[in-house]
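Please read the structure below before turning to the comments.
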Amino acid sequence: MIKIRAFGGYNKIGKSMTAIDVDGDIVITDMGADIEKLVNFEGDKNYISINDTAALIENAVIPDDRDFFEKEEGRVKAIVLTHGHLDHVWAVPFLSQKYKCPIIATPFTIKVLEHLMRNLKLRPARFLSLNTGTKYRVSDNVTVELVNITHSIPNSAVAAIHTKYGVVLYTNDWKLDDNPTLGRKPDYERLTQLSKDGIKTIILDSTNSDQEGYTFSESVVRTMLEDVIKRTLSNKTIFISTFSSHIARIKNIVEISRKLNRNVMVFGRSMDMYIKAAVNNNIIDKNLIPEVATRREQVNGLLKYAKDRPGKYVILCTGHQGERGAFLDKLVTGQYAYKLSSEDAVIFSSRTIPTPLNIANRSMLQSALESYNVNIADNVHVSGHASRNDIKTFLKMLKPEHIIPSHGGMEKLSGTIDIGKELGYELNKSSHMLLDGQEISFN
Ligand SMILES: [Zn+2]
């Protein structure tokens, strides 16, 4: 029997964690944080330590696995991680060690985790690096395979949990990008083969199940970025803020800037972490991106240099959600020795993630930039998640027996249930609404 238990990531986006029990052998997929709650928890604290684990659970920042651990400890055979976004991996240093089992992930995801663990002064965990396209036999009942997929961070995978009942395909998060600007397109051949072998159930990313049509390729954003940089007046200094984990986007911004005769500076701690992980895995050339400046004096020095050379620099930085303490927040609140003016442009290569905190922060950032008469371009971005038509394409290709929507909230999960209905899936028979804390079984 297969039992699937939802710990997090079903009631809302964030804190992803699922346990898949196959005849008594358990595989955990993902161990993430609720990013909004994490930001609140951090508050004025400048350091979170492993001693905060209980408080992190009690504040619902990370999944609550305490009862589960007491009961099932010895049966957990592996923890499998799909990609390096913090809503999928941030809880690993806090929760994983006690299970005494391998933590399986692609090399880039492991590099991100090693960095997180170093920051927490923890010894490296029992990581098992698994490239996409390869399998690892976890126990007599379970073999894990990672299959290459596109998302918005390098080395993303869907996890195929092979069992004698068929495959459980865990797909958080993905989009179908046939023209990725970094890495390979989805492994359609392998996914089709899995479909032929028989997919018992799919756990399906529903983030954009309410978006009609298709999610565009990252190559479209590359064109948009080139267009907007070209059209920004040549005497302006351009600040571009994007997701630090979006290495493809970062690479494109650097390449386009150089092509348009601008040098690049990179600021922000999270940029530093993800860029180092990418360089250390040979995902990008170490000579492509300049060293990330994180210390205040260093940043001030570089900003002055750029100010004295108008039109010559693109400054890649953190802070597109208006988050406190990120580069753009510090810039507009005068924490750096740089006075913004109409000679500056800010490009948001992002969209505001619609949480109340982000919306408020982003709106304050916008007002501050406007008060300096900065030229603003917003939403030069496409999503890393599949839209409705992509979800349909995926389901038609994979033909799973059952669908379990995830990565959403009721509205998003219902969106996927509706898509399933169009394809002949029936609620409570072949499509199932699973919420955090609930469990479902298949024979
Ligand atoms: Zn993700």
*Which members of the stretch 176-210 meet the condition of being assigned to a loop (DSSP other than H, G, I, E, B), within 16 Å of the ligand (Cβ to nearest atom) and either within 28 Å of A6 (Cβ to Cβ) or not assigned by TED's automatic domain parsing to the domain that holds E145 (or both)?*
L176, D177, P186, S206, T207, N208, S209
*Taking the stretch 23-40 as the region of interest, how many residues are over 15 Å from the mean Cα position of the chain (by Cα) and crowded, with 24+ Cβ neighbours inside 10 Å?*
3
*Within the stretch 349-385, restricting attention to residues that are surrounded by fewer than 20 Cβ atoms within 10 Å (Cβ to Cβ) and of a type in the set (D, E, K, R), which residue is farthest from D178 (Cα to Cα)?*
E370
*Of all residues in the stretch 257-271 being more than 12 Å from S245 (Cβ to Cβ) and in a helix (DSSP H, G or I), which is nearest to the chain's Cα centre (by Cα)?*
R269
*Name every residue in the stretch 80-110 that is at pLDDT below 95 and either under 14 Å from the mean Cα position of the chain (by Cα) or of a type in the set (D, E, K, R) (or both), in order of residue number.*
K98, K100
*Is at least one residue of the stretch 341-348 part of a loop (DSSP other than H, G, I, E, B) and within 16 Å of the ligand (Cβ to nearest atom)?*
no
*Subset of the stretch 211-243 (residues that are out of contact with any helix residue (DSSP H, G or I) (no Cβ under 7 Å at 6 or more places or on another chain) and assigned to a helix (DSSP H, G or I))*: S219, V220, T223, M224, D227, V228, K230, R231
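Out of all the residues in the stretch 37-48, is one or more in the same structural domain as L434 (by TED's automatic domain parsing), free of Cβ contacts under 8 Å to residues at least 40 places away in the same chain, in a strand (DSSP E or B) and over 23 Å from P354 (Cα atoms)?
no
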*If you scan the stretch 149-175, which residues turn out to be closer than 26 Å to K251 by Cβ and more than 15 Å from the ligand (Cβ to nearest atom)?*
none
*In the stretch 125-142, the residues that are crowded, with 18+ Cβ neighbours inside 10 Å and not in a loop (DSSP other than H, G, I, E, B)*: F127
_Out of everything in the stretch 354-411 that is away from the ligand (no atom under 16 Å from the Cβ), part of a helix (DSSP H, G or I) and acidic (D, E), what residue ends up being modelled with the highest pLDDT?_
E370
_Taking the conditions exactly as written (at pLDDT 95 or above and surrounded by fewer than 23 Cβ atoms within 10 Å (Cβ to Cβ)), does R249 satisfy them or not?_
no
*Given (1) more than 16 Å from the ligand (Cβ to nearest atom); (2) modelled with pLDDT under 95; (3) not in a loop (DSSP other than H, G, I, E, B), number of the condition L116 does not satisfy*: (1)
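If I filter the stretch 71-101 down to residues being in a loop (DSSP other than H, G, I, E, B), under 26 Å from I13 (Cα atoms) and not aromatic (F, W, Y), which single residue comes out as nearest to the ligand (Cβ to nearest atom)?
If we take residues in the stretch 71-101 being in a loop (DSSP other than H, G, I, E, B), under 26 Å from I13 (Cα atoms) and not aromatic (F, W, Y), then H85 is nearest to the ligand (Cβ to nearest atom).
The values are calculated or read from the model by the stated rules, or taken from the named source; none is laboratory data. Model, not experiment: these values are computed from the prediction. Every residue, glycine among them, receives a Cβ derived from its backbone with ideal geometry; neighbour counts consider all protein chains shown.
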